[in-house]
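Working notes, beginning with the structure itself.
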Ligand code: AMP
């Protein structure tokens, strides 16, 4: 169930400030307030979706395609394609999702830690 009082809904309504780097009629991209790397940007649809699963199940195909093309546009604006980037989405408790408005993290700007930490134990 989507809660209109979540923090990203307030950013969309401009009730609270965010460091917005790109916005169009369907999406907003802004800097994560607690960056985990030199570049850490969140991209959110303006539609009311709680997570990736909700977005894919309930958005129409045009909205889904347009969203991911906008993510690519933001990646181009950030000029990170040459050196690399990571896209990440958390859904639910096990993944540690903290804001229940669908978002994609773009993480870049430095060498990122391997996702294979377990294999190093
Ligand atoms: P997740 O844990 O995947 O739900 O990601 C939520 C992200 O939102 C975290 O990385 C937070 O640092 C970030 N965040 C929370 N509040 C804000 C805010 N007001 N402005 C920018 N980023 C935020």
May I ask you to compute the full-extension gain from residue 23 to residue 72, defined as 0.36 nm times their residue separation minus their alpha-carbon distance, rounded to one decimal in nm? 16.3 nm
Relative to the longest principal axis of the C-alpha atoms of the chain, give the angle of the C-alpha long axis of helix 61-78, reported between 0 and 90° and rounded to the nearest 10°. 50
Which value at 222 nm does the chain reach when only helices count, each DSSP H run of 4 or more adding -39,500 (n - 2.57), with the total divided by all residues and rounded to the nearest 500 deg cm²/dmol? -8000 deg cm²/dmol
Normalised by the residues of the chain, what does the relative contact order come to in percent, with Cα pairs under 8 Å and at least six apart? 31
Once the principal axes of the Cα atoms of the chain are found, what is the range along each, listed largest first in whole angstroms? 41, 32, 30
In a Gaussian network model over the chain where Cα atoms closer than 10 Å are linked, find which of 48, 100, 110 has the largest mean-square fluctuation. 110
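Using the beta-carbon distance between residue 2 and residue 115 and R0 = 30 Å, what value does 1/(1 + (r/R0)^6) give for FRET efficiency, to the nearest 0.05? Don't skip to the answer; put the middle values down first.
Working: r = 29 Å, r/R0 = 0.98.
The value I calculate is 0.55.
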Return the distance in nm (one decimal) between the two label points of a simple spin-label model at residue 14 and residue 62, each offset 7 Å from Cα along Cα→Cβ. 2.5
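Bear in mind these aren't lab numbers, they're just calculated from the coordinates by the rules spelled out. Just so it is clear, the model here is predicted, and its values are computed rather than measured. Because the Cβ atoms are built from the backbone with ideal geometry, glycine has one as well, and the counts that use them run over all protein chains shown.
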